[in-house]
Amino acid sequence: MVGARIVLVVFVVSGCAVMSEHEMEERRRAMLIEPSELEARLHEGGLRILDTRSSEAHAAGHIPGAVRVDVDAWRDLGRTPGGFRDAEAWARLVGEVGVGADSHVVVYGDSLSNTARIWWLLKYLGVEEAMILNGGWNVWVKEGRPTEIGPREVDAVAFTPRFDADRLTEIDALKEMFRSGSFKLVDTRSDAEFTGTDARGPRGGHIPGATHLEWKELVAEDGRFKTVPELQALFRERGILPSETAVCY
């Protein structure tokens, strides 16, 4: 979950199951960047690469030019009451990693959940050019691409959040949506969390009516996202339809 009071991410899947494979691939490319493409763009002006790993891992080796982003700080702000509406706090957190209104941002790490969290927050905050490195740090290293060591510092820049309300659903709004029945509620957690049998203790099960689709099912064995046809088939199998909005948690 991304917050205590505001917990539901809106992921609009309208048309995804019926659009052509070419159209789906174009949308996929708007979200993902391949390691080969990023390497070719390393010296591009306006590019900001964000590393979601620990400070120790970042210092030991990172993609050239990458700046570490404090995932815990971003997550904790979202969990505070009113945190998702705190323009001043988000302006500080985003600006201090050198991301401005015109930045082209690539996010990567060794945990897709952390990478996706930062990518989603950037999009929610109005950063239009934000992408995920497909396969993350592990694929980058496996393919023998360049790295550098030591922490990287950047000057803070001015950033003004432009909250995208369509990417977030609050609890009261969700209750209204339940009455309309025009959406699909998707639980992206593990099987154990979904069923309430997590070995770490009771996890409370899931919201009534939720469809289970663990985020790991979207990823292939090599750490990259599955192909467009594979994802289309998976969505259809779980009943995530092109005529509905998917609300994920």
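The values are calculated or read from the model by the stated rules, or taken from the named source; none is laboratory data. From a predicted model like this one, the values you see are computed outputs, not experimental measurements. Here the Cβ positions follow ideal geometry from the backbone for every residue, glycine too, while neighbour counts run over all protein chains shown. In case anyone asks, the SASA skips ligands and DNA or RNA and just uses the protein heavy atoms, side chains included. Shrake-Rupley method; radii C 1.70, N 1.55, O 1.52, S 1.80 Å.
A few points about this structure:
- Values of log10 I(q)/I(0), in the order q = 0.12, 0.20 Å⁻¹, for the range 79-234 under a Debye, Cα-only, solvent-free model: -0.74, -1.40
- Taking other residues whose beta carbon is less than 11 angstrom from the beta carbon of His58, and scoring Lys, Arg as +1 and Asp, Glu as -1, yields -2.
- Full-extension gain in nm, Thr227 to His212, via 0.36 nm per residue minus C-alpha separation: 3.4 nm
- Within the shell of other residues whose beta carbon sits under 9 angstrom from the beta carbon of Lys184, the net charge comes to 0, with Lys and Arg scored +1 and Asp and Glu -1.
- Additional length obtainable on full extension of the chain from Ala89 to Ser55, 0.36 nm per residue less Cα span: 10.1 nm
- Here the range 26-154 exposes an accessible surface that is 47 percent carbon and sulfur, computed with a 1.4 Å probe and the other protein chains kept in place.
- Average accessible surface area per residue within the range 38-169, 1.4 Å rolling probe, Å²: 46 Å²
- Size check on the range 145-249: the Cα extents along the three principal axes, sorted descending, read 50, 37, 37 Å.
- By the rule of a C-alpha distance below 23 Å, with chain neighbours fewer than 8 residues away ignored, the lysines paired with Lys226 are Lys123, Lys142, Lys184, Lys216.
- When peptides 157-165, 121-129, 142-150, 87-95 are sorted by average Cβ neighbour count within 10 Å, with the highest value leading, the order is 121-129, 87-95, 157-165, 142-150.
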